[in-house]
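Visitor: I am attaching a structure below and will ask some questions about it afterwards.
The values are calculated or read from the model by the stated rules, or taken from the named source; none is laboratory data. It should be emphasised that the depicted structure is a prediction, and the values quoted were computed from it without experimental measurement. No Cβ is skipped: glycine too gets one built from the backbone with ideal geometry, and neighbour counts run over all protein chains shown. With ligands, DNA and RNA removed, areas are computed over all heavy atoms of the protein, side chains included. Shrake-Rupley method; radii C 1.70, N 1.55, O 1.52, S 1.80 Å.
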Amino acid sequence: MNEKYNAAEIEQKWQRRWEQDGLFRTDEDAPGDPFYILEMFPYPSGKLHMGHVRNYSIGDVAARYLRMKGHNVLHPMGWDAFGLPAENAAIKNGIHPDVWTRENMAEMRAQLKQLGISYDWEREVATCSPDYYKWTQWIFIQFFKAGLAYKKKNPVNWCPSCETVLANEQVVDGACERCGTAVGKKNLDQWYLAITKYAQRLLDDLERLGDWPGNVKTMQANWIGRSTGAEVDFEIEGFGEKLRIYTTRPDTLFGVTYMVLAPEHPFVEPLTDGGEYEAPAREFIGKLQYLNDIDRASATLEKDGLFIGRYAVNPVNGKRVPIYIANYVLMDYGTGAIMAVPAHDTRDFDFAVKYGLEIIPVVDPGGLLPDATQETQGDGPTQGDGPFGSHDPKGPSPWVAGLKGPSPRVFVAEGRMINSGRFDGLDNKDAIREITAYIEERGFGCGSVNFRLRDWLISRQRYWGTPIPMVYCEKCGWVPEKEENLPVLLPTDVTFSGKGESPLTTSASFRQTACPACGAPAEREIDTMDTFLDSSWYFLRYTDARNEERIFADGKVKKWMPVDQYIGGVEHAILHLLYARFFTKFLHDIGYSPADEPFTRLLTQGMVLKDGKKMSKSLGNVVSPEEFVERFGADTIRLFILFASPPEKELEWSEAGVEGSYRFIGRVWRLAQGALADGAGAETQEHNGDGSPGAAEAEKELLHAMNAAIKKVGADIGGRYNFNTAISAIMEFVNAAYKAREGGGVRQPALRDAVEKLILILSPFTPHVCEEMWEAYGHTGSILLEPWPAYDEGALVRGSEEIALQINGKVKGKFTVPSGLSAQELADMAAASEEAKKLTGGSAIVKAIGVPGRLVNIVVK
RNA sequence: GCGGUCGUGGCGGAAUUGGCAGACGCGCACGGUUGAGGGCCGUGUGCCGCAAGGCGUAAGGGUUCAAGUCCCUUCGACCGCACCA
């Protein structure tokens, strides 16, 4: 064994050997419980960043540990390879997106190998390969056949800079997610996937995901956004059709004082055309269109509206109320029209105040006002000044102060019904039910459920994506390409101008085809798919990545799915994970996926920060993994990144910390080398212990440290993925081994055995250096094939233990007792001890509480 | 505004879920080794105090024999959604 630890040499040696031996290849038929561990595949942008290193290091530790525990582990990697950056590079530098992407993949694949991540590269997938997107197209056709893919003309989000359509999800604060440009609107014929048909299941099944982080589930639930309420029909005076609205507060139906339509509502034109309100309405709507989504979406935008000269009639009380159009009502939620109850809705209230509209309270807080006097240290009596009376001025108010109107405040909490005819006096929660039943009886409306989730707009006017395998025929309409003709290949003869419609229109041959149904001349769809489709099923393909006949074989997908552990960034908490769940459920429904949830356990890893901020080019604080791998080696980087913080938390990059990890590896190296050298000089001896009475004790201590470490590391990796504490346990063990060796008295075979155990439990974190040491210790096979060491519970038990002695809950002293005492024995022994007598100073002992192995609390006086 | 996560030494972070707060590492100080530096080995390191001792987990209150952990109030940070009727 070399005296000096040479990371570069060792890492190259072992990476080469692992590859030669095909050590990471997964064999379906191998023994062991199958375990599917997956990290989110990257977009091949060029180089790995620290977030990737963290993500894949976490996965690799788990994968290597599980292999040693005897599992048959599937640990694959691939590329989310379609997308805009490749196309932008093509426009800018004239490189074909395919070339650019493949170069990047090669670069990043090499980097992953340099990190020593144990992937089965024979299952590698790239979403831009025809043998992969063939099946993405196939899935699309299955959606179409199931009636879940449809085309619709719609005003869509249009980024004038990227010149493409964006899904709602890709619009952040009204700006393009990629370039930050304000998003406008454009009317286009677009393909949609009917994810809303799965909204209820996607929501319900969140409950089954017990091993997902709570915040991710909450975010998904909020995104799906289920609400319950009622739809109610209002007659419009002098108009044939009824106006249907959606409300979550049917209890406030008697408080309606006006109605609002979204400016895009189909009734607006017929209601205003030909009258005195036609011109103002057109002007109002025109003005709104100039507003981009940044302003339109802003909650702080002042409410703006226009009376359109018409009146509606409230079905429950016959009240005649004016109809407005306003910027605060959205066409694509509910029915695009609302009943306004300014007394009990802050938005309606703001609007009513601005336009001087009537405000009628129908829910009275009454005695149900939050009781501000409950806290005894409150500011004096604050209760019972009447229904709208005062309350603790410092406490949270259920009222929002207003300016005018009969009731100058808005009340949004619960209370008792007033001004609501036969429903007066009811608790408003009960009134929701009662009034819903009432309107159903009378045929005015019905109970109703609404979701915020919208159908998924998947068309992109871009080149570098999966072609949508649909053909338009004059006679047959939209017809899917025949499945045996898949894939519909991306044409290569296209021009990248970065402007206008899809680049596919510039291909001479692509568009013209024959109708798959009738054979007549027909045109292909020229849009490509949102890349989120590509990544919504890749985890299924890994189970049978080279299958050319079928998307994946039943037996293989059944063996591996669902993914046992998925690891990736929180930024995918909503979209990617929701879409992946949607696809899995659909493939389950049509009989292809055995699982209907894709990921059993989810770990969302924290970001890697520098100086407390996210690493970014614009801040100039990006730390390149390459540089550090070169300087310290992959093992050091992996160890640091896993040690510095628990995986789900943010991680602050620290060069000093990296140096510390490097130092630790050197410390282990010297220990291993020293222990080996001890043995070499004493080969003929039984042991080199000194035979003194302390010797046995020293060896016992070493064994204790060893077994404690094995136990702790196994629990931390196998359970909560607390790699940071696992590593600190190994460090404690190393410190103990140094002490044992320096102190003498430990026989060489015992020390050697301890070091071997150390190498084994450290190997998932720093595999290269551990392989090297393992070999130096005379082993020929890879350490990855070694079983994880068992620990001896007996070695963890000591003859006696130190117990803290508390007096009235404060630690005052310590005393030593034999191990294994019960709580009662411990308490009795403590109470009778000299130590206790001294500390209590003769005060009467009220009681003593013992906690075995920890402390005794003596309560006096 | 709504929803969520979280506040522990100079720093990153531990604390078996109610039982000795600060494990482990970084940093710092001192000692040893060394021609010197680096490296390595060792010791110390929450705060106040010479000490005895006292105080300490954002602040305030509560429950408990016992609270970083549970409950209430306040403050602060971060993340997600955001005119969703």
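Visitor: So which of A:LYS134/A:LYS556; A:LYS700/A:LYS837; A:LYS4/A:LYS712 end up more than 27 Å apart by C-alpha?
Guide: Details: A:LYS134/A:LYS556 19 Å; A:LYS700/A:LYS837 34 Å; A:LYS4/A:LYS712 30 Å.
Those over the limit are A:LYS700/A:LYS837; A:LYS4/A:LYS712.
Visitor: Still on this model: Hey, could you grab the Kirkwood Rh for the range A:54-207? Inverse mean 1/r over distinct alpha carbon pairs, Å, one decimal. The partial results should precede the final answer.
Guide: Values: mean 1/r = 0.0519 Å⁻¹.
Radius from the Kirkwood sum: 19.3 Å.
Visitor: Whose amide H sits under 5 Å from the amide H of A:VAL363, counting only residues 5 or more places off or on another chain, with H placed in the peptide plane?
Guide: A:ILE418
Visitor: Give the distance, in whole Å, between the Cα centre of the range A:516-538 and the Cα centre of the range A:309-336.
Guide: First find each Cα centre; the distance between them is then 41 Å.
Visitor: State the extension gain, in nm to one decimal, for the chain segment bounded by A:ARG631 and A:GLU441, taking 0.36 nm per residue of separation less the distance between their alpha-carbons.
Guide: 60.7 nm
Visitor: Enumerate the amide H contacts of A:ALA126 below 5 Å, restricted to partners 5 or more residues apart or on another chain; note that Pro and chain-start residues carry no placed amide H.
Guide: A:TRP79
Visitor: Additional query: Taking R0 as 56 Å, what FRET efficiency do you get between A:GLU276 and A:LYS92 from their Cβ-Cβ distance, rounded to the nearest 0.05?
Guide: My answer for the efficiency is 0.55.
Visitor: Something else now. In a Debye calculation with equal point scatterers on the alpha-carbon sites of the range A:762-843 and no solvent, what is log10 I(q)/I(0) at q = 0.25 Å⁻¹?
Guide: Here log10 of I(q) over I(0) equals -1.18.
Visitor: From the square roots a ≥ b ≥ c of the eigenvalues of the alpha-carbon gyration tensor of the range A:8-61, which class results: rounded (a/c under 1.5), prolate (a/b over b/c), or oblate?
Guide: Working: a/c = 2.21, a/b = 1.19, b/c = 1.86.
Here the range A:8-61 falls in the oblate category.
Visitor: Oh, and also: Spelling out what I want: for every residue of the range A:328-335, take phi, set θ = phi - 60°, compute 6.51 cos²θ - 1.76 cosθ + 1.60 (Karplus), and round to whole Hz; glycine and proline get x.
Guide: After applying 6.51 cos²θ - 1.76 cosθ + 1.60, I find 9, 10, 9, 5, 9, 10, x, 9 Hz.
Visitor: Specify whether the C-alpha gyration tensor of the range A:707-861 places it in the rounded, prolate or oblate class, a ≥ b ≥ c being the square roots of the eigenvalues: rounded for a/c under 1.5, otherwise prolate if a/b is larger than b/c and oblate if not.
Guide: Prolate, because a/c is 1.5 or more and a/b exceeds b/c.
Visitor: Compute the angle between helix A:748-762 and the longest alpha-carbon principal axis of chain A, please, reported from 0 to 90 degrees and rounded to the nearest 10.
Guide: Roughly 10 degrees, rounded to the nearest 10.
Visitor: Which ³J(HN,Hα) values, rounded to whole Hz and listed in residue order, are derived for the range A:710-715 from phi using the Karplus coefficients 6.51, -1.76 and 1.60 in 6.51 cos²θ - 1.76 cosθ + 1.60 with θ = phi - 60°, glycine and proline given as x?
Guide: 4, 5, 5, 5, x, 5
Visitor: Taking 0.36 nm per residue of separation and subtracting the Cα-Cα distance, what length does fully extending A:ASP189 through A:ALA776 add?
Guide: Working: separation 587, 0.36 × 587 = 211.32 nm, distance 6.71 nm.
So the extension gain works out to 204.6 nm.
Visitor: Using alpha carbons only, how many degrees (0 to 90, rounded to 10) separate the axis of helix A:634-643 from the longest principal axis of chain A?
Guide: Around 70 degrees separate the two axes.
Visitor: Moving on to the next point. Taking amide H positions as placed 1.01 Å from N in the peptide plane, with prolines and chain starts having none, which residues 5 or more places from A:TYR463, or on another chain, fall under 5 Å of its amide H?
Guide: Amide H neighbours of A:TYR463, under 5 Å, 5+ apart: none.
Visitor: Give, as ranges by residue number, the residues of the range A:48-66 whose backbone N falls under 19 Å from the point 7 Å along Cα→Cβ of A:ASN621.
Guide: Under cut-off, by backbone N: A:49-54.
Visitor: Still on this structure, please answer the following. Under a plain spin-label model, where a point goes 7 Å from the Cα along Cα-to-Cβ, how far apart in nm are A:VAL851 and A:VAL449?
Guide: The modelled label-to-label distance comes out at 4.6 nm.
Visitor: With θ set to phi - 60°, apply the Karplus curve 6.51 cos²θ - 1.76 cosθ + 1.60 along the range A:784-789 and write out the HN-Hα couplings as whole Hz, x wherever there is a Gly or Pro.
Guide: 3J(HN,Hα) across the range A:784-789, in whole Hz: 5, 8, 7, x, 4, x.
Visitor: Relative to the longest principal axis of the C-alpha atoms of chain A, give the angle of the C-alpha long axis of helix A:50-68, reported between 0 and 90° and rounded to the nearest 10°.
Guide: 60
Visitor: Another question, then. So what's the projected area for the range A:492-567, the Cα convex hull averaged over all directions, in nm²? Numbers along the way, then the final one.
Guide: Numbers: hull surface 33.5 nm².
Averaging across all directions leaves 8.4 nm² for the Cα convex hull.
Visitor: While we're looking at this one, here's another question. So if each residue of separation counts as 0.36 nm, and I subtract the Cα-Cα distance between A:LEU839 and A:ALA413, what length gain in nm does that give?
Guide: Here the segment from A:LEU839 to A:ALA413 would lengthen by 147.7 nm.
Visitor: Going down the table (A:LYS739/A:LYS814; A:LYS739/A:LYS838; A:LYS197/A:LYS614; A:LYS649/A:LYS711), which pairs top 28 Å between alpha carbons? The partial results should precede the final answer.
Guide: Values: A:LYS739/A:LYS814 25 Å; A:LYS739/A:LYS838 36 Å; A:LYS197/A:LYS614 37 Å; A:LYS649/A:LYS711 24 Å.
Too far apart for the 28 Å limit: A:LYS739/A:LYS838; A:LYS197/A:LYS614.
Visitor: For a test of the definition: using alpha carbon positions, the gyration tensor, and the 1.5 limit on a/c, classify chain A as rounded, prolate or oblate.
Guide: It is oblate, given that a/c is not under 1.5 and a/b is not larger than b/c.
Visitor: Would you mind checking the pairs A:LYS153/A:LYS217; A:LYS92/A:LYS617; A:LYS152/A:LYS475 and listing those with alpha carbons more than 22 angstrom apart?
Guide: Working: A:LYS153/A:LYS217 33 Å; A:LYS92/A:LYS617 19 Å; A:LYS152/A:LYS475 19 Å.
The answer is A:LYS153/A:LYS217.
Visitor: Right, here's the next one. Give me the 1.4 Å probe accessible area per residue for chain A, excluding ligands and nucleic acids, in Å². Walk me through the intermediate numbers first.
Guide: Working: 38190 Å² over 861 residues.
Computed with neighbouring chains in place, this is 44 Å² per residue.
Visitor: Let me ask another. In whole percent, what relative contact order does chain A give with Cα contacts below 8 Å and a gap of six or more residues?
Guide: Working: 1535 pairs, mean separation 117.3, N = 861.
That works out to 14 percent.
Visitor: For A:ALA517 and A:VAL99, what does the FRET efficiency come to when R0 = 35 Å and r is the distance between their Cβ atoms, rounded to the nearest 0.05?
Guide: Efficiency, rounded to the nearest 0.05: 0.45.
Visitor: Also, I was wondering about something else. Which percentage, to the nearest 5, of the DSSP beta bridges contained in chain A is antiparallel?
Guide: Here the antiparallel bridges make up roughly 75 percent for chain A.
Visitor: Based on the Cβ-Cβ distance from A:ASP828 to A:LEU796, what FRET efficiency comes out when R0 is 41 Å, to the nearest 0.05?
Guide: Details: r = 26 Å, r/R0 = 0.62.
Rounded to the nearest 0.05, the efficiency is 0.95.
Visitor: Carbon and sulfur atoms: what percent of the 1.4 Å accessible area of chain A do they account for?
Guide: Whole-percent figure for carbon plus sulfur exposure: 50.
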